[in-house]
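Reading through the structure tokens given below for one structure.
The values are calculated or read from the model by the stated rules, or taken from the named source; none is laboratory data. From a predicted model like this one, the values you see are computed outputs, not experimental measurements. Virtual Cβ from ideal backbone geometry, glycine too; neighbours counted across all protein chains shown.
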Amino acid sequence: MSAEASTPSGDTRERRGHRRDRLRLRHLGRAAVFRPAVGDRRLPDAIEHLARAHRVHHPGADLDALRRAYLLAESAHRGQFRKSGEPYITHPLAVTLILAELGAETTTLTASLLHDTVEDTEVTLDQVRSDFGDEVGHLVDGVTKLEKVDYGAAAEPETFRKMLVATGSDVRVMSIKLADRLHNMRTLGVMRPEKQARIARVTRDVLIPLAERLGVQTLKTELEDLVFAVLHPEEHARAEELIRAHRREADPLAEVAESVRQVLRDAGIAAEVHIRPRHVLSVHRVRHKRGGLGPYDYGRLLILVTEDADCYAVLGELHTCFTPVVSEFKDFIAAPKFNLYQSLHTAFAAGSGQFAEVLVRTHTMHRVAETGVVALGDPHRADGGEQAAPGGEEPERADPTRPGWLSRLLDWQRQATDPDTFWTALRDELAKDREITVFGEGAADGPLQLPVGATCVDAAYARHGQAAHACIGVRVNGRLATLGAVLRDGDTVQLLLAPDGSSGPSPEWLDYATTPAARIPIRTWLEGEGAGGAEPGEESGHGQAAAFAPDAPAAPAPTPGEAAVSVAGAESAPVRLARCCTPVPPDPVVGFTVRGGAVAVHRESCPDALGMAAAGRPALSASWRSGSIGCRVTLQAEALGRPELLADLTEALAQHGAAVLHAEVEPPREHRVRHTYTLRLPDSAGLPRLMRAMRRVPGVYDVTRAVRLQS
């Protein structure tokens, strides 16, 4: 948390009001070294600015906890200085002031004042809990970094993991971290260039996406500009120069804004119309997106109203009195973004072939859009306010961010035991800045939020966790689909699972998975019990056109079924039944020695076996010890395509005790479809009965044993 600091450039300081902040912090720094006498309950001069900012949002807040927190922090940090030369206490004061101006409640501000004490001073976490309560202790613990001496290179990723876990139970942890990083980025200049770049990259890859997901737009935009200045100084300077040149002239949006005000007055709609300038990185992005900047591209109109219905009334007037740009319209009120954001976006022609962009929202929406979870207050209290629930009972959590992206992140991070895997997966996950919602078919299956580009494999692991290893098929909007099919917003997904432990993922699933929640458990499974390469004849397949559950893992350990095969001259070798032809009693069989000294047993008629024999590999005589054993077999069902065919076939398989290890469906041709199932049966004697039952399924006209050729 503690960051050595300096001050940013004069232009950035002027644009962001940093000069004012610096003067104020110098005043606070001088005041910070003077503390009131013991027993004096007046507010120290150093936190008067903080108290005034806090009371703007919380007029009745009790400031005693802030007073006590400041006194402890000032005493603990006394004698410590930042690289800029300022007393260290100015840092927690600045971080807390940022949060106070955003409207954070008292508990958050108290923890913010103390956020570096446990990490950098002799104050202990137990002392914080004893003096300020468990809530403040939880927040301080959540933002306290892990020691490099204990974790080495893993300290940074493991610190973020710890922080995210703490955020899962209280999003205020991340609010403090974001404000902390903002002040450190504002004062980054005295560090070595390479360290500035490293901190800026982590801010770009992790902190800014987290600020976006938590809806703290005010912090996000300033962090973006500060990172932009460090990592791309020339492009940042170019964008700033364009902004300065634009400001030297009259803003053409002012005339457009006045026209809008007149239209809304004539319509009797009470509204505020403001010009919202774009920040530096936004100007840079628009310039590259449009190949240049027009006179209306340096800002957007922001229209604020009282009620939700007024937003749509404003929209109607704009689209009636001006020429709308239909492609620019978005309704984030009816369908809010996953980070709580709500607004109407539109644009209309403003002359000279240019258009003006407009945001329409209520005052409440505006506050949430700017400050996100900070505006929500305490997630553990039903009203998000300063008072506990009536009767002192623990109310249900009111934190709306927990069910979505944060839940997914917390689920998969538990499986990413390796710090490098976690760090890489976290950056990849946060790089996805949009989400879709998909639905289950059952009433108990709530909606799933997934990143854009997510597939059916991602949906399976988001819905079922590691139980998704047993997924053998999927229906999307009532139709069979591949596990690699990309989902769209609003899709209905029905996942089909084999009995527990009877199936597992294959390496191809990693090609389909886009989320860490899917990739990490798949990779873990493949590297663990499902690992192992296939020798020729052990695991083969020609990649059916629409495999909706790729091959089961290769080369498992021999099973007592397999031990029922006797191989002459290799009695002590492990025996494996080849998966290309899945022999069962009473099939004539033959064995071939494969990698590791094991023996693969094939049907004598298997093309792979015939090919190995033709290539000169010695064949070993093999026979069944018993005609009644558990077995693995591959069956092909030829059928006329119809709704519910897959469900009816899998029901027939389940009724006969067949565990589905793998299933494929080829695309329909002339209304005909082929289903291929690899099954495990408890008794090979039941195979004929199973095949007859499958033939009785309506639409199925043939069921045969399959032989799959080596690719």
query = Out of region 567-579, which residues are surrounded by 17 or more Cβ atoms within 10 Å (Cβ to Cβ) and modelled with pLDDT of 75 or more?
reply = Val567, Ala570, Ala573, Val575, Arg576, Leu577, Ala578
query = Among the strands (runs of 3 or more DSSP E) confined wholly to region 599-711, which include 3 or more residues that are surrounded by fewer than 16 Cβ atoms within 10 Å (Cβ to Cβ) and out of contact with any Ser or Thr (no Cβ under 7 Å at 6 or more places or on another chain)?
reply = 700-705
inquiry  = Can you pull out every residue in region 158-170 that is surrounded by fewer than 19 Cβ atoms within 10 Å (Cβ to Cβ) and either of a type in the set (Val, Ile, Thr) or outside the structural domain of Thr106 (by TED's automatic domain parsing) (or both)?
reply    = Val165
inquiry  = Need a quick list: helices (runs of 4 or more DSSP H) entirely within region 217-315 having at least 3 residues that are within 34 Å of the chain's Cα centre (by Cα) and more than 19 Å from Glu328 (Cβ to Cβ).
reply    = 217-231, 233-247, 280-290
message = Kindly evaluate His288 against the criterion of being loosely packed, with under 15 Cβ neighbours inside 10 Å, modelled with pLDDT under 95, of a type outside the set (Asp, Glu) and over 21 Å from Thr362 (Cα atoms).
response = yes
request  = Would you check which residues across region 500-545 are modelled with pLDDT of 50 or more and of a type in the set (A, V, I, L, M) and list them?
outcome  = Leu510, Ala513, Ala517, Ala518, Ile520, Ile522, Leu526
ask   = Which one of the conditions (1) polar (S, T, N, Q); (2) more than 24 Å from the chain's Cα centre (by Cα); (3) closer than 21 Å to Leu301 by Cβ does Thr187 fail to meet, given that it meets all the rest?
value = (3)
task = Kindly indicate the residue of region 114-157 that is over 30 Å from the mean Cα position of the chain (by Cα) and surrounded by 23 or more Cβ atoms within 10 Å (Cβ to Cβ) and also nearest to Ile47 (Cα to Cα) among those meeting that condition.
result = Thr117
ask   = What are the residue pairs meeting all of these: first residue in region 583-606, first residue farther than 17 Å from Leu635 by Cβ and not assigned by TED's automatic domain parsing to the domain that holds Ala685, second residue of a type in the set (Asp, Glu) and surrounded by fewer than 22 Cβ atoms within 10 Å (Cβ to Cβ), Cβ atoms under 7 Å, and 6 or more apart or on different chains?
value = Pro588/Glu604; Val589/Glu604; Val590/Glu604; Val594/Glu535; Arg595/Glu535; Ala600/Glu535
query = Among the residues of region 28-77 satisfying the criterion of being in a helix (DSSP H, G or I) and modelled with pLDDT under 50, which is surrounded by the fewest Cβ atoms within 10 Å (Cβ to Cβ)?
reply = Arg30
task = Take the residues in region 607-643 that are polar (S, T, N, Q) and in contact with a Pro (Cβ under 8 Å, 6 or more places away or on another chain), then tell me which one is modelled with the highest pLDDT.
result = Ser626
query = Regarding Leu109, is this residue part of a helix (DSSP H, G or I), under 21 Å from Met174 (Cα atoms) and at pLDDT 85 or above?
reply = yes
